[in-house]
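Read the structure below first, then the notes.
The values are calculated or read from the model by the stated rules, or taken from the named source; none is laboratory data. What you see is a predicted model, and the numbers here were worked out from it, not measured in a lab. When we count neighbours, we look across all protein chains shown, and the Cβ atoms used for this are built from the backbone with ideal geometry, even at glycine.
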Amino acid sequence: MELSSLLHDLHLSSSSSAEKLLPSPSLPPITELLSRLQQQLIGAADKSSLIGRVEQLFQSADPHWLFSPASANHGAEQEAAGWAELQAAYISVVGALIGCAALPLCEDDCGSLPAAEYQSVPPRAVPVSSALRALLRTLGNWEGEGGARGGQTALLLAVAPQICVFTVTHFQDQVWTSSSSREAAKSLHEALLKAGSWRDSAHLLMGDGRSGEEEEEEEGGKSRGILGGILDVLQPQLTKDSWQRCEAVKLVFSWTLLQVTRPALSPHLPRLLPPSLLLNDHHRPENCMLGVRCLHHIVLNTPASDLRQFNTADVLYQALFRHLFTTEAAVIQLVLSCLLDLLLVLEKPPSSLAPSFSRRKPCHHDDVLRLVLTHMEAEHKVALRRVYASALLQYLDRMGVAVCRHLRRLERVVLGYLEVRDPPEETSRLKILQVLQKTLKAAWPRMESRVHMLLRCLLRLLVDVSSDSQLSDSVKQEVMNQTAHCIKLLDGCSHGKLQSLLQQVDSSCCSSEVLGCLATVTIRAAR
């Protein structure tokens, strides 16, 4: 009855012929019906009832009529043209359905609208998800029952990118979604995976990674991914002037990119890199961080040879290096982590050039470390100090003995950070103590002249920590153990000259905890 009413309203057929729900000479071609549906979905004032009837159409009508072109039994050229027309018709009607739940666009490049602007989106997204789910279920069932091979799979691949973009837009916890719309979108995404026999979202995007000939030979072509199709859908909205108008576009793009790994990412690099750079260069921290995550994923999942081609790695380096001048701790943390991996693409690790480090020219590792140390000297924000201290430890691992180029700056940073409390976990101090340990092990021949200054700082740290009532016993013990280890390494750098000084410490000036800690150092050294 629903199909009959729908056809009557669209002036395509009489009720008597439509009630059969079977193909007949009286039924119009499906492409003609889909064209009228698209017009109705775009122009109708009350779209909710129409969407429900479209869902009933996909549920009740004969799949052979729904998914076969009128020219299916004609010549090869006409049949190919018929399939192309059918795909275009379904793409249009799916686009019209999705447009019924489209997000409002910003009038300028602010990229953000008040929450009230999105209140009408979730109630519209739920019926759209239901209608699309009915389409996918019928299409998938027809395929499983031996429907026309090739045609229906091409149809699924044609509409899957639009549907995937829609599901990703609405299954995220955002201001334009509700619990019901998120559940509906997740259910639609699962229906999409089932219809195409894709294992998960990554398989949906990348396929099985085989060549095009192998994919065509496989029955149903189920190994093919839809990454290219999704990028085709997103591309018009990912330009410099338009990506900020819809807040969901960046989220869909980043979700898509972060699902794609080697070797599927590299062929799409020219289309994935520009939007990532646009996000990376944005002034809003949340967009910038999203862009850095995308760039880091690209660095990790693209062969180094591809990144070096056309100076792509240098472009990435310059784009990331600029962020080292920001004061956003979260941005700095992501950038330093990304740079650490990118530098391996640009050059060999300095530690691998250790025998000739004094004769080699400064490299990008030196530039990054020099700037980080310069900023660390003057930094007073606790969050940034913690980020810098953690990152410094990783960079020293990479530098090895080449850290000797930066000893003066590094010494000032170590002394400054050990003097400032960082309760309750003393994160900065503990990281800097580990930095000092690595420095003493890597550059011990250059450290003898700095022993006494560092020893005074470490002894002062022991006294301060032992008397700090705000620290837990476990934190105190950890700081004191790490400090004692540093003193032991200092003693090794001075060839045992610190032993006599440590034994002369006045017991009236420090607690028994400090004396016990120093005693462990002298006992171990004596052994």
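Of Ala154, Ala116, Ala185, Ala191, which residue is over 22 Å from Glu247 (Cα atoms), in a helix (DSSP H, G or I) and at pLDDT 90 or above? Answer to the selection: Ala191.
Suppose we keep only residues that are out of contact with any Phe, Trp or Tyr (no Cβ under 9 Å at 6 or more places or on another chain) and closer than 28 Å to Lys348 by Cα within the stretch 404-432. Which one would you say is surrounded by the fewest Cβ atoms within 10 Å (Cβ to Cβ)? So the residue we want is Arg408. Taken as a whole, the condition of being farther than 25 Å from Val413 by Cα, free of Cβ contacts under 8 Å to residues at least 40 places away in the same chain and not basic (Lys, Arg) does not apply to Ala304. Residues that are within 28 Å of Pro114 (Cβ to Cβ), in a helix (DSSP H, G or I) and small (Gly, Ala, Ser) within the stretch 238-275 comprise Ala248, Ser254, listed in sequence order. Against the definition (modelled with pLDDT of 90 or more, of a type in the set (Gly, Ala, Ser) and either in the same structural domain as Val401 (by TED's automatic domain parsing) or within 24 Å of Leu392 (Cβ to Cβ) (or both)), how does Ser472 come out, yes or no? Against the criterion (modelled with pLDDT of 90 or more, of a type in the set (Gly, Ala, Ser) and either in the same structural domain as Val401 (by TED's automatic domain parsing) or within 24 Å of Leu392 (Cβ to Cβ) (or both)), Ser472 qualifies. Pairs are defined by a Cβ separation below 7 Å, a sequence spacing of at least 6 or placement on different chains, a first member in the stretch 240-252 that is within 12 Å of Leu103 (Cβ to Cβ), and a second member that is at pLDDT 90 or above and of a type in the set (Ser, Thr, Tyr); the pairs so defined are Ala248/Thr169; Val252/Thr169.
Note on the stretch 76-128: among residues that are polar (S, T, N, Q) and surrounded by fewer than 18 Cβ atoms within 10 Å (Cβ to Cβ), the one that is farthest from Phe166 (Cα to Cα) is Gln78.
Screening the stretch 298-314 for residues that are part of a helix (DSSP H, G or I) and surrounded by 14 or more Cβ atoms within 10 Å (Cβ to Cβ) and picking the one that is nearest to the chain's Cα centre (by Cα) gives Ile298.
Every residue, every condition in (1) in contact with an Asp or Glu (Cβ under 7 Å, 6 or more places away or on another chain); (2) within 16 Å of Glu411 (Cα to Cα); (3) in a loop (DSSP other than H, G, I, E, B); (4) aliphatic (A, V, I, L, M), yes or no:
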| site | (1), (2), (3), (4) |
| --- | --- |
| Gln470 | no, no, yes, no |
| Ser474 | no, no, no, no |
| Glu478 | no, no, no, no |
| Asn481 | no, no, no, no |
| Cys486 | no, yes, no, no |
| Leu489 | no, yes, no, yes |
| Gly492 | no, no, no, no |
| His495 | no, no, yes, no |
| Leu501 | no, no, no, yes |
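Residues are listed down the side, and each one gets a yes or a no for (1) in contact with a Pro (Cβ under 7 Å, 6 or more places away or on another chain); (2) within 19 Å of Thr374 (Cβ to Cβ):
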| position | (1), (2) |
| --- | --- |
| Ala402 | yes, yes |
| Leu407 | no, yes |
| Val414 | no, yes |
| Leu418 | no, yes |
| Asp422 | no, no |
| Leu433 | no, no |
| Leu436 | no, yes |
| Trp444 | no, no |
| Glu448 | no, no |
